[in-house]
Amino acid sequence: MAASQLTSGASLLHNNLASSSTGYVASIHNSLNAGQGKLLLHSLASGQSKDGPEVVQATSIRYLETLHGPVLVVTSTNGTQVYTEDASALIFFLPLSDQAGPDSIRYHQAACFVPMTQHMVIGTSKGTIWPVSAVAAGQYVQLHESAPSSPTAEVSDVCFSPIADAVVSVHNNGDLRLWRVSEDAPYTNSDVVANLCQAPVRVVSLGAQLAVADGPGSIFILDATTRELKAEVTAHGRWLSAAVSREDIGLLVTVGEDTVLNVWQVDPSEGIVSLHHSTVVADKLLCGVALHGSGASVVAYDSDQLYHVNF
């Protein structure tokens, strides 16, 4: 299996690999040693790897495709940093809204993009979501932090569902929540599916469906409009650590601590799930997967290898 070398090892975080439409991939290397945490960047086109900016206890990494091109969004215990695609310049910083109490750590986690309003939406450890107007580079404006309709746990992931015309969040207690988008007022938490799963790792939009990847190894497929459960698939024998999708062709790709990468075909209208491809990537704990032209790139915990899988 082809592999490239990163400048350091990937940390054990969910979804610890992101890819841009123009061929950059990025991962997080956290460190307990001051000044040692950093982003890891790799250009698929040139094959070159480099260190990105320093990070402190980063929690998630994602490329968002904005109308002014791809941006790299990194959330952490400091807040949210938005960088240019190659991480050479900081575009925007969203700080935490308040200090943590003595018994908890505050952080941001996960990000998605709402094309019609050009909003970036960030999840928080308070279970809130935070829209940011991202009309153009250099013109980012933080909007209104939006509270859930009932008490919930930390946001684990967020996505935008065009069919539901809503932002969808999943939370560490297994809740799935829908949020009605607003131009200039707080988003409204319009629906809740309580205790959908145990420990959601990722939520993605797949046509008329939503797919939720759950840490214990299952994938849940829901109707995006009615939130009816259409399918539950046992996807991995051990912890499912990352998932990524290609909505236009109904592909969902998952990796887990069982060393396996699985490619699932999800019928966009019916939500029927079939296994399209499966392969053992490396004898390591896989912790990130990102899609590109011919397949996927994968990272594993504490390894500086960037594996390339074609399917």
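The values are calculated or read from the model by the stated rules, or taken from the named source; none is laboratory data. Since this is a predicted model, take the numbers as computed values, not measurements. Every residue, glycine among them, receives a Cβ derived from its backbone with ideal geometry; neighbour counts consider all protein chains shown. Keep in mind that these areas ignore ligands, DNA and RNA; they rest on the heavy atoms of the full protein, side chains included. Shrake-Rupley method; radii C 1.70, N 1.55, O 1.52, S 1.80 Å.
Does PHE113 meet the test of being assigned to a strand (DSSP E or B), without any contact (Cβ under 8 Å) to a residue 60 or more places away in the chain, among the hydrophobic types (A, V, I, L, M, F, W, C) and open to solvent by 70 Å² or more (accessible area, probe 1.4 Å)?
no
From the list LEU176, LEU196, which one is within 22 Å of GLY217 (Cβ to Cβ) and without any contact (Cβ under 8 Å) to a residue 40 or more places away in the chain? If you could, list the steps in order and put the result at the bottom.
Values: LEU176 fails: without any contact (Cβ under 8 Å) to a residue 40 or more places away in the chain.
Of the residues listed, the single one that is within 22 Å of GLY217 (Cβ to Cβ) and without any contact (Cβ under 8 Å) to a residue 40 or more places away in the chain is LEU196.
Only one of GLY9, GLY47, GLY35 is without any contact (Cβ under 8 Å) to a residue 24 or more places away in the chain, more than 27 Å from PRO131 (Cα to Cα) and of a type in the set (Gly, Ala, Ser). Can you tell me which?
That would be GLY35, the only listed residue that is without any contact (Cβ under 8 Å) to a residue 24 or more places away in the chain, more than 27 Å from PRO131 (Cα to Cα) and of a type in the set (Gly, Ala, Ser).
Mind checking which strands (runs of 3 or more DSSP E) fall wholly inside segment 257-311 and carry at least 3 residues that are surrounded by fewer than 17 Cβ atoms within 10 Å (Cβ to Cβ)? Explain how you work it out, then say what you get.
Working: elements: 260-266, 273-280, 286-292, 295-300, 305-310.
Once the strands (runs of 3 or more DSSP E) in segment 257-311 are filtered for at least 3 residues that are surrounded by fewer than 17 Cβ atoms within 10 Å (Cβ to Cβ), what remains is 273-280.
Scan segment 45-67 residue by residue and report those that are closer than 18 Å to HIS292 by Cβ and within 20 Å of the chain's Cα centre (by Cα).
Across segment 45-67, the qualifying residues are ILE61, ARG62, TYR63, LEU64, GLU65.
Just to check your reading of the model, which residue among ALA87, ALA164 is within 20 Å of ASN30 (Cα to Cα), part of a loop (DSSP other than H, G, I, E, B) and open to solvent by less than 40 Å² (accessible area, probe 1.4 Å)?
Residue meeting the stated conditions: ALA87.
Can you give me the ranges of the strands (runs of 3 or more DSSP E) entirely in segment 170-215 with at least 1 residues that are buried (at least 22 other Cβ atoms within 10 Å of the Cβ), within 16 Å of the chain's Cα centre (by Cα) and at pLDDT 95 or above?
Because the criterion is at least 1 residues that are buried (at least 22 other Cβ atoms within 10 Å of the Cβ), within 16 Å of the chain's Cα centre (by Cα) and at pLDDT 95 or above, the strands (runs of 3 or more DSSP E) in segment 170-215 that meet it are 176-180, 200-206, 209-214.
Filter segment 216-228 down to residues that are surrounded by fewer than 19 Cβ atoms within 10 Å (Cβ to Cβ) and touching a residue at least 24 places away in the same chain (Cβ under 8 Å) and give me whichever is nearest to THR259 (Cα to Cα).
PRO216
Kindly establish whether ASP86 is farther than 25 Å from LYS126 by Cα and touching a residue at least 60 places away in the same chain (Cβ under 8 Å).
When the stated conditions are applied, ASP86 passes them.
For residues that are without any contact (Cβ under 8 Å) to a residue 60 or more places away in the chain and closer than 21 Å to LEU96 by Cβ, scanning just segment 12-30, find the one that is surrounded by the fewest Cβ atoms within 10 Å (Cβ to Cβ).
Residue satisfying both the conditions and the ranking: ASN30.
Name every residue in segment 234-256 that is in contact (Cβ under 8 Å) with a residue 24 or more places away in the chain, open to solvent by 20 Å² or more (accessible area, probe 1.4 Å) and among the polar types (S, T, N, Q), in order of residue number.
Within segment 234-256, SER245 is the sole residue that qualifies.
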